[in-house]
Structures are given as C-alpha cells and as structure tokens.
Amino acid sequence: MSDLRLDELKSNAKVYFVGIGGISMSGLALLTKGYGFTVGGSDNHPSERTQMLAQSGITIYNSQEAKNIDEFEPDYIVKTAAILPHNKELARALEKGLTVFDRSEFLGIMTNTYKNVINISGTHGKTTTTSMTSMMLIEAGLDPTIHLGAPFDGIGGSVKMGGNRDLLVSEACEFKRSFLEFRSTTAAITNIDHDHVDCYPTLEDVIDVFAKFIDKVDDGGYLVVTGSDRNIKESIARAKKNIKVITCAADGSDADFKAQNIKYNDGLPAFDLVASGQKIGRVQLRVPGAHNISNALIASACAYLNGASAEAIIKALNEFGGADGRFTIKGTYKGCEVVVDYAHHPTAARVTIDAAMHMPHNNLLVVFQPLTFNRVDALFEEYVTSLLPCKKILFSEIFTDREVIHEGMVSSRNIADEINKRGGNAEFYADKEVLKRRIDELINPGDMILILGPEDIRELGNELCPGKE
C-alpha cells in the first residue's frame with residue numbers, strides 16, 4: 001500500500017491504461033481525466049465502453065502494440081491484472097523506464113487523495129451496497145466521487161466525479177488481494193464466503209485477507225459489518241487493529257443498525273430502519289430478497305457515519321432500483337418476465353433464486369452459467385446443493401476469461417448430471433442457440449425466466465428482450 005497521492009504525480013501528466021475496456025479500468029480512466037490528466041489506453045476488444053471513452057476525449061487504441069506507447073508518450077502506465085509480462089505495450093513502457101501501476105495500486109493512490117474514503121467489500125453484494133450508499137450521499141448533497149463495479153442509472157454509469165476531494169465511495173474487491181492497496185476511513189464488509197479459489201485455496205485464507213483489510217482502516221475510522229456473519233467475526237478477531245465496529249442485522253439482536261417489522265409486498269421487502277435504538281423511517285425496497293435488507297443496512301450505516309441525514313437515507317432506499325446486472329428486469333418475452341443477475345457463485349445464486357421465488361409468477365425457469373472452471377471444481381458440491389431445489393434449470397457451459405482450457409476439466413454438464421442423480425431437473429446445453437430454442441419449448445405466459453451468471457449469459461436477456469438494455 002503506497003502513500004502516494006494523485007496530486008503528487010507529475011503536473012499535466014499523461015496516463016495510459018493497458019486494458020482500458022474493463023468496467024473498473026474504464027471508470028478509473030474517466031476519473032483520471034476528471035482530475036485534469038491527459039488519458040489514453042488500449043484494449044484488444046473494442047466495445048460500446050471503449051467507444052464511450054473515445055467520445056469523452058480519451059485516446060483509444062484497439063490493439064496493444066509497442067507503437068502505441070511511442071505515439072501517446074505517457075508518463076505513467078496503469079495495467080490490469082490480466083496483462084502478462086510479455087505484453088508489447090508493457091514491455092515498451094518498461095524499456096522506456098516508465099512508472100507502471102497495477103489497477104489496484106492506482107485506485108489505492110486515489111483513495112489516498114480523499115479526506116474520507118468509504119470502501120465497501122465482501123464476497124457478495126458489493127455493487128448493490130455501494131450503489132445504495134452512493135444514492136444516499138448524493139441525496140444528502142454531499143457530492144461524493146463514486147467508483148462502482150457495474151453501471152448504475154443513479155449516476156449514469158459506473159463512476160461519478162465529485163466536486164471536491166472530501167468524500168470517495170468505492171467497491172473494494174478481494175480478488176488477488178487488491179483491496180489491501182486501499183486506504184479507508186470507513187470500511188464495510190457485507191459477508192465473507194469462500195470465493196476466488198485461484199487466490200484463496202481455503203476459506204481460512206479468505207478470512208485472513210479480510211483481517212488484513214480491516215488493519216488498513218485509518219486510526220479513528222469505522223468498520224461496518226453484518227453482525228450475524230461468523231466469518232466476519234473471525235476476521236475481526238484476527239485483525240491487529242482495534243477499530244470501532246458498527247454492526248447491522250435484520251433480526252432482534254442488539255445491532256447498531258437493524259431492520260424491524262419486516263414484511264414483503266409482492267416479494268419486495270419493507271421494514272422499519274432502526275439506528276441506535278431509534279426508528280428513523282419506514283423503508284419499502286424496490287429490489288427483492290432478504291439479502292437486500294442486509295445490503296440496505298450496511299449502506300445506511302456507511303452513509304450515516306459520513307454525514308447523510310435520516311431523510312436522505314430513507315428517500316434513497318425507497319427510490320433505489322438496483323445496479324445493472326443485479327436482479328435487472330429486462331422486459332417480457334412471449335409473456336414471461338425476463339430477469340438477469342450476476343449471481344454466479346452458489347451462495348449468490350441461492351439467495352437470488354429465493355428472491356425470485358417470492359416475486360409474482362407462475363413457473364420459474366432458471367438459466368445458469370458458472371464463472372471459472374477452478375471455482376466450479378472447488379465448490380462443486382455447493383453448486384449442486386444450491387441449485388438442486390430449482391423446479392427446472394438449464395445450464396450453459398462454464399465461462400472463463402483467465403484460464404487455460406484443457407481436456408478433462410469440470411463442466412456445467414457435471415453439475416446438471418449430479419443434480420439429476422439427486423432427483424432434480426437439470427439440462428445442459430453447450431450451444432446457446434439450442435438453449436434458446438429449449439427456453440421457447442418450456443415457457444408459458446406468466447412464467448419468469450431468471451438468467452444467472454456473467455455477462456456472457458446475461459447477454460441472452462438482451463437477445464430475448466431487444467432494445468431493453
């Protein structure tokens with residue numbers, strides 16, 4: 001973790017992002033431009049996102065060649081974790097003796113630049129909780145800078161540049177220990193589960209890294225947590241720093257922020273928001289599921305500790321419609337409601353399916369694509385038990401963008417076969433066109449189609465409901 005700040009970089013510097021098309025990198029590029037730097041970058045996969053960056057005044061190269069570095073003449077390089085040492089742009093930058101930052105290092109420099117920094121971490125729910133917190137802070141007139149891991153209509157994208165450097169709110173992901181680069185004055189942990197198995201072979205490793213994250217919080221700062229999560233409690237116990245802990249819970253415990261008198265209206269939770277024993281308002285969420293009550297409590301605590309009023313918190317929660325790809329209703333297809341969600345981990349899939357079950361519908365058809373072969377291999381039993389209760393589930397093959405595929409690797413077909421052995425009803429389709437035809441055979445008006453997994457399978461929602469992006 002560096003102590004470097006953005007205002008300590010070279011004046012009028014040129015910053016070049018290698019792999020600029022990713023959601024986090026593109027957001028960082030936009031924020032960097034907002035600070036007054038000249039920004040450029042490259043991506044081998046042109047997209048609507050790179051086109052948007054070009055329209056914003058950022059120089060975009062649609063390939064990664066050494067000549068791009070020669071032409072742009074950057075002072076600093078920011079690269080994604082996926083960039084390998086033999087990358088031509090990276091090699092040329094090192095030849096020239098340029099300073100190279102990993103994405104997480106550069107975001108860490110950004111966190112050092114702000115007086116107050118809210119970093120929201122956790123295995124599940126980071127994007128939703130950060131989006132909720134952002135809405136509250138905006139509603140309170142606090143003008144935060146915002147960095148999200150998905151587009152959010154509430155800010156018109158994945159980032160928002162604040163008018164000052166008083167307050168930053170950002171997602172803090174544990175993948176490859178990146179969040180250990182970030183400084184926090186308020187840190188939040190939504191939950192701790194075994195994930196990113198390529199970085200963390202065991203749950204114990206995950207608990208350990210979250211303890212290190214806690215130790216990165218400024219002296220006098222806050223840690224906001226889900227009070228009922230046993231793994232979080234263990235991380236706190238392992239942390240070396242004695243920090244003020246704010247607990248959140250949706251039960252009758254003695255938590256600092258609580259949800260009481262919980263009711264569901266057509267699957268959407270309503271509850272009394274209670275802070276330090278005082279009811280501060282009644283909330284009617286527009287996003288389903290008990291997990292979103294927990295997300296709302298964490299967000300409320302983070303916003304309240306950083307100056308948001310009770311009125312702003314309640315208004316933001318009542319208006320919050322969800323971040324992109326988080327229980328996003330795409331429209332209707334042949335009389336069926338189509339919903340997409342990023343839930344690719346077995347725990348996330350289970351709670352999202354449960355949320356869908358409480359929404360109005362006749363039959364629920366689940367379409368599922370796991371993310372990364374190593375995750376499925378390590379959590380195979382969890383996938384089977386989480387998805388077994390589905391009345392009907394169609395699998396697409398595992399998606400990966402960072403693994404070498406070889407013969408004999410685990411497949412989604414294996415999950416489907418094991419579910420069927422245990423009395424479930426699962427089917428596997430390697431071809432997405434065949435999968436789409438099977439959907440047509442199974443659905444009837446009034447049903448719900450729930451598409452779960454990475455963007456590769458969520459794109460099916462756009463195909464079923466064109467023009468609804």
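Please treat every number below as a calculation from the coordinates, not as lab data. Everything numeric here is computed off the predicted structure, so don't read it as measured data. For neighbour counting, all protein chains shown are included, and Cβ atoms are generated from backbone atoms with ideal geometry for every residue, glycine included.
For region 260-397, how big is the tail of P(r) above 26 Å, as a whole percent of Cα pairs? Walk me through the numbers before you get to the answer.
On the way: 3198 of 9453 pairs.
Taking all Cα-Cα pairs of region 260-397, the fraction more than 26 Å apart is 34 percent.
Does region 11-102 classify as rounded, prolate or oblate by the C-alpha gyration tensor (a ≥ b ≥ c root eigenvalues; a/c under 1.5 gives rounded; else a/b over b/c gives prolate, otherwise oblate)?
Working: a/c = 1.58, a/b = 1.19, b/c = 1.33.
It comes out oblate by the Cα gyration axes.
Distances over 24 Å make up what percent of all Cα-Cα pairs in region 67-205?
Working: 3907 of 9591 pairs.
Of all Cα-Cα distances in region 67-205, 41 percent exceed 24 Å.
Sticking with the crude label model, points 7 Å out along Cα→Cβ, report the distance from LYS421 to ASP251 in nm, one decimal please.
3.4 nm
With r defined as the distance between the Cβ atoms of LEU4 and ALA270 and R0 fixed at 35 Å, what FRET efficiency is calculated, to the nearest 0.05? All intermediate terms of the calculation are to be shown ahead of the outcome.
On the way: r = 46 Å, r/R0 = 1.31.
The computed FRET efficiency comes out at 0.15.
If I compute Cα extents along the principal axes in Å from the structure I just sent, which labelled value in (1) 72, 52, 41; (2) 65, 47, 45; (3) 62, 56, 42 lines up?
(3)
Calculate how many DSSP beta bridges within the chain are antiparallel, expressed in % of all such bridges and rounded to the nearest 5.
Details: 21 of 79 bridges.
Expressed as a percentage, antiparallel bridges in the chain total about 25.
Report the label-to-label distance for THR202 and PHE175 in nanometres (one decimal), using points 7 Å from each Cα along the Cα→Cβ vector.
Distance between the two pseudo-spin positions: 2.5 nm.
How long is the gain from ASP70 to LYS115 if the chain were fully straight, where each residue apart is worth 0.36 nm and the alpha carbon distance is subtracted? Provide the component values of the computation, followed by the final result.
Details: separation 45, 0.36 × 45 = 16.20 nm, distance 3.64 nm.
Residue separation times 0.36 nm, minus the Cα-Cα distance, leaves 12.6 nm.
Label THR332 and SER309 with points 7 Å out from Cα along Cα→Cβ: what is the distance between them in nm?
The modelled label-to-label distance comes out at 4.0 nm.
With θ set to phi - 60°, apply the Karplus curve 6.51 cos²θ - 1.76 cosθ + 1.60 along region 116-130 and write out the HN-Hα couplings as whole Hz, x wherever there is a Gly or Pro.
Couplings: 10, 10, 9, 10, 10, 10, x, 5, 10, x, 4, 5, 4, 5, 5 Hz.
Treating the Cα atoms of region 229-293 as identical point scatterers in vacuum, please give the log10 of the normalised Debye intensity I(q)/I(0) at q = 0.14 Å⁻¹, two decimals.
-0.50
Diagonalise the Cα gyration tensor of region 114-319 and give the resulting equivalent ellipsoid semi-axes, square root of 5 times each eigenvalue, largest first, whole Å. Write out the running numbers ahead of the final one.
On the way: eigenvalues 118, 81, 53 Å².
Value: 24, 20, 16 Å, ordered largest first.
Using +1 on the beta carbon of Lys and Arg, -1 on that of Asp and Glu, and nothing else charged, what's the dipole of region 328-464 about the Cα centre, debye to 20?
Values: 15 positive and 22 negative charges, 81 e Å.
Using Cβ point charges on Lys, Arg, Asp and Glu, region 328-464 gives about 400 debye.
Starting from the amide H of VAL78, placed 1.01 Å from N in the peptide plane, find each other amide H under 5 Å away whose residue is 5 or more places distant or on another chain.
Hits under the 5 Å cutoff: TYR16, PHE17, VAL18, PHE101.
Could you state the number of Å between the C-alpha centres of region 429-469 and region 1-67?
Region 1-67 and region 429-469 have Cα centres separated by 34 Å.
Over 19 Å apart: what share of the alpha carbon pairs of region 333-469 falls there, rounded to a whole percent? Numbers along the way, then the final one.
Details: 4298 of 9316 pairs.
Summing the P(r) of region 333-469 above 19 Å gives 46 percent of all pairs.
How large is the dipole of the chain about the Cα centre if only Lys and Arg carry +1 and Asp and Glu carry -1, each at its Cβ, rounded to the nearest 20 debye?
Details: 49 positive and 63 negative charges, 154 e Å.
Using Cβ point charges on Lys, Arg, Asp and Glu, the chain gives about 740 debye.
Between VAL434 and ASN462, take the C-beta separation as r, use R0 = 25 Å, and let me know the FRET efficiency to the nearest 0.05.
0.85
When the C-alpha atoms of region 265-345 are aligned to their principal axes, what extent does each axis show, in angstrom, from largest down?
47, 25, 20 Å, listed from the longest principal axis down.
So how compact is region 131-197: Cα radius of gyration and Dmax in angstrom?
So, for region 131-197, Rg and Dmax equal 13.0, 40 Å respectively.
Working out 0.36 nm times the residue gap between GLN260 and LYS88, then minus their Cα-Cα distance, what length gain in nm do you get to one decimal?
Numbers: separation 172, 0.36 × 172 = 61.92 nm, distance 5.67 nm.
Separation in residues times 0.36 nm, less the Cα-Cα distance, equals 56.3 nm.
Could you derive backbone 3J(HN,Hα) for region 279-287 from the dihedral phi with the Karplus parameters 6.51, -1.76 and 1.60 (θ = phi - 60°), listing whole Hz in sequence and x where the residue is Gly or Pro?
Each residue's phi maps through the Karplus curve to give 5, 10, x, 9, 10, 10, 6, 9, 10 Hz.
By average Cβ neighbour count within 10 Å, what is the ranking of 47-58, 29-40, 295-306 from highest down? Working shown, then result.
Working: 47-58: 15.2, 29-40: 20.5, 295-306: 27.7.
Ranked by mean Cβ neighbours within 10 Å, highest first: 295-306, 29-40, 47-58.
Out of GLY22, TYR61, ASN12, whose Cα points farthest toward the positive end of the dipole of the chain (charges: +1 Lys, Arg; -1 Asp, Glu; placed on Cβ)?
Of the candidates, ASN12 comes out farthest on the positive side.
Can you figure out the FRET efficiency of LEU442 with ASP354, using R₀ = 35 Å and their beta-carbon distance, to the nearest 0.05?
It comes out at approximately 0.95.
Would you mind calculating the gained length between SER228 and ASN164 on full extension (0.36 nm times residue separation, minus the Cα-Cα distance), in nm to one decimal?
Details: separation 64, 0.36 × 64 = 23.04 nm, distance 3.61 nm.
Extra length available between SER228 and ASN164 comes to 19.4 nm.
Quick check on the chain: helices-only [θ] at 222 nm, where DSSP H runs of length 4 and up contribute -39,500 (n - 2.57) each and the sum goes over total residues. Nearest 500, please.
Values: 16 runs with 165 residues, N = 469.
Using -39500 (n - 2.57) per qualifying helix, the result is -10500 deg cm²/dmol.
Tell me which trypsin sites (Lys or Arg not before Pro) from region 301-385 have a DSSP coil assignment and no more than 13 other beta carbons within 10 Å of their own. Please list the in-between numbers first.
Working: sites: LYS315, ARG326, LYS330, LYS334, ARG350, ARG375; in loops: ARG326, LYS334.
Passing both the DSSP loop test and the Cβ count: LYS334.
Rounded to whole Hz and in sequence order, give me ³J(HN,Hα) for region 411-418 from the Karplus expression 6.51 cos²θ - 1.76 cosθ + 1.60, θ = phi - 60°, writing x for Gly and Pro.
9, 4, 4, 5, 5, 4, 4, 5
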